[in-house]
Amino acid sequence: MWNKIMEFTLVFKTMAGLFFSAGIIIYVVFGFMLGAREISFEMVVQIFFLSIFVTGLQYLFWDDESKVKLSAVGKLVIQYLILGAVLFGMSQLFDWFVIGTKTFYNMLILYHVIYLGGIFGFSIYFKVIGMRFNQKMIHYREQNQDR
């Protein structure tokens, strides 16, 4: 039981860190294009909690032991809608932009481009690599688990 909790914590922490890093990079690159020259501590905290939320969605929909039994397209659409609603809610709560302005439409386009880019990237990963590296890692762990 303790090993399972530690394994989950390690994987969750790693995934949340990856999403946090991606969020910071996206903010820095596109924020710079939109005129932001610095990142506030508030924004770092918001990106941190958003990365935890996205990691939770990742586990909810894509974990091997997930209780959500939908097609991949169904999961993507539901995840897209939930994440879009959360981002929109956060944008209004934290005054990221005003609805109907140029910034609003830029962010809307940016959300679609990044989401579709992520889907495209993962589809390439799973089709081209064919999970062979993941299978080798599982095989390696099974061999070394007895030690």
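The values are calculated or read from the model by the stated rules, or taken from the named source; none is laboratory data. Note that the coordinates shown come from a computational prediction; the quantities given were computed from them, not determined experimentally. For neighbour counting, all protein chains shown are included, and Cβ atoms are generated from backbone atoms with ideal geometry for every residue, glycine included.
Can you tell me which residue in the range 59-86 is nearest to Lys4 (Cα to Cα), limited to those that are modelled with pLDDT under 85 and of a type in the set (Gly, Ala, Ser)?
Of everything passing the filter in the range 59-86, Ser66 is nearest to Lys4 (Cα to Cα).
Given the residues Tyr105, Tyr125, Tyr140, which is the only one that is over 21 Å from the mean Cα position of the chain (by Cα), free of Cβ contacts under 8 Å to residues at least 60 places away in the same chain and farther than 19 Å from Val29 by Cα? It would help to see each step written out before you state the result.
Values: Tyr105 fails: farther than 19 Å from Val29 by Cα; Tyr125 fails: over 21 Å from the mean Cα position of the chain (by Cα).
Only one candidate qualifies: Tyr140.
Could you check, for the range 61-77, whether at least one of its residues is over 12 Å from the mean Cα position of the chain (by Cα), within 20 Å of Phe104 (Cβ to Cβ) and small (Gly, Ala, Ser)?
no
When you scan the range 10-23, do you find a residue that is in contact (Cβ under 8 Å) with a residue 40 or more places away in the chain, over 25 Å from His112 (Cβ atoms) and either in contact with a strand residue (DSSP E or B) (Cβ under 7 Å, 6 or more places away or on another chain) or of a type outside the set (D, E, K, R) (or both), even just one?
Going through the range 10-23, the residues in contact (Cβ under 8 Å) with a residue 40 or more places away in the chain turn out to be 12, 15.
Still in the running and over 25 Å from His112 (Cβ atoms): 12.
Narrowing further to those that are either in contact with a strand residue (DSSP E or B) (Cβ under 7 Å, 6 or more places away or on another chain) or of a type outside the set (D, E, K, R) (or both): 12.
Scanning the range 10-23, I find at least one residue that is in contact (Cβ under 8 Å) with a residue 40 or more places away in the chain, over 25 Å from His112 (Cβ atoms) and either in contact with a strand residue (DSSP E or B) (Cβ under 7 Å, 6 or more places away or on another chain) or of a type outside the set (D, E, K, R) (or both), so the answer is yes.
Yes or no: the range 86-93 includes at least one residue that is loosely packed, with under 10 Cβ neighbours inside 10 Å and over 18 Å from the mean Cα position of the chain (by Cα). I'd like the intermediate steps shown before the answer.
Within the range 86-93, the subset loosely packed, with under 10 Cβ neighbours inside 10 Å is 93.
Subset that is over 18 Å from the mean Cα position of the chain (by Cα): 93.
Yes; the residues of the range 86-93 include at least one that is loosely packed, with under 10 Cβ neighbours inside 10 Å and over 18 Å from the mean Cα position of the chain (by Cα).
For the range 94-132, name all the residues that are of a type in the set (Gly, Ala, Ser), under 18 Å from Leu50 (Cβ atoms) and surrounded by 11 or more Cβ atoms within 10 Å (Cβ to Cβ). Even if it seems obvious, please write down each step before you answer.
Taking the range 94-132 first, the residues of a type in the set (Gly, Ala, Ser) are 100, 117-118, 121, 123, 130.
Next, only the ones that are under 18 Å from Leu50 (Cβ atoms) stay: 117-118.
Gly118, the sole residue that qualifies.
Specify which of the listed residues (Phe19, Phe12) is at pLDDT 90 or above and over 25 Å from Phe94 (Cα atoms). Walk me through it before giving the result.
Values: Phe19 fails: over 25 Å from Phe94 (Cα atoms).
Going through Phe19, Phe12 in turn, just one is at pLDDT 90 or above and over 25 Å from Phe94 (Cα atoms): Phe12.
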